[in-house]
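A short reminder: the numbers here are calculations on the coordinates, not readings from a lab. These numbers come from a predicted model, not from an experiment. Positions of Cβ are generated from backbone atoms using ideal geometry, with glycine treated the same way; all protein chains shown enter the neighbour counts.
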Amino acid sequence: MATALVHVALLAYIAAAVVYLTWLVRPREALVGPGRYLLLGGLVAHLGSFPALWLASAGPRVWTAGHLFSLLAAATVAAYLLLDWKYRVPVAGAFAAPLTVAAMIPAHLVPTQAREVAPGIAHLFLLPLHVGSAVAGSVAVSLAFVLAVVYLASERRLKKKQATWLLARLPSLELIDRLGWRLAVWGFIFLSLTIATGSFVSRAQTGTLLPFAAKQAFALLAWGLLAVLIQARLVAGWRGRRVSWLVVIGFVFLVGSYAGLLSQEQAPPAATVSLGERP
């Protein structure tokens, strides 16, 4: 049941990405509604797969990188739909939907391994807090990246005086810049929490407070760049294009962190990641 729901969700996300990209190339208002409903339908099926998977599992609960990517995909869709509902930015869907599909690929097509977690961590709040903050921070930075790309593309067309049907239906550049800034700040807050809780999880598992690997290195680079972005905005008054480019680079670093996670998780595991026995 869980596998079927995941497949339905993936197909819906792919269809939504096709619809939004088609709308981006040939803007027709009639395509916006189907794109939104496909994402919503995929999200409902995706969310239904989590309890189905939990109930169907036998023996100890396990956690893998695939679960993280799956949760990240669902959270990205949910956050984008909320953003679109409030501000009507379907152009962002042309980027958010493909990002969701990209997150689903390693979640369900790339084999990852389960790893051992200290039982005390698993049964308390630390591991869920670490995973939840990582997902929230990644979603915030991803949507900030989407808005940064929209801002850069829109500004370039405006400077060239290439007014288009698409630009006429976008929020103002000031609003896009402000939304991207808020998302970047939330991304920084959640990534800070992710790094802090990750250090405690690592110490419980390996005895090392902050292991040096590609995953951690790229995460620290993304976090540091967001810190620079906030400083530049508040102190130097940076706006618009310069801030957007910093967000784009920070997102690239974040992608590097997840690539490092995939590389690490495909290594032969020493044991299983147990999240507690099934009640």
Q: Could you line up Thr22, Thr197 from fewest to most neighbouring Cβ atoms inside 10 Å?
A: Thr22, Thr197
Q: Can you tell me the order of 139-149, 227-237 when each peptide is scored by its average per-residue count of other Cβ atoms within 10 angstrom, highest first?
A: 139-149, 227-237
Q. What ranking of Tyr80, Tyr87, Tyr13 emerges when the number of other C-beta atoms within 10 Å of each C-beta is taken as an exposure proxy, fewest first?
A. Tyr87, Tyr80, Tyr13
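Could you list Leu261, Leu40, Leu31 so that the one with the fewest beta carbons within 10 Å of its beta carbon is first and the one with the most is last?
Sorted ascending by nearby Cβ count, the order is Leu40, Leu31, Leu261.
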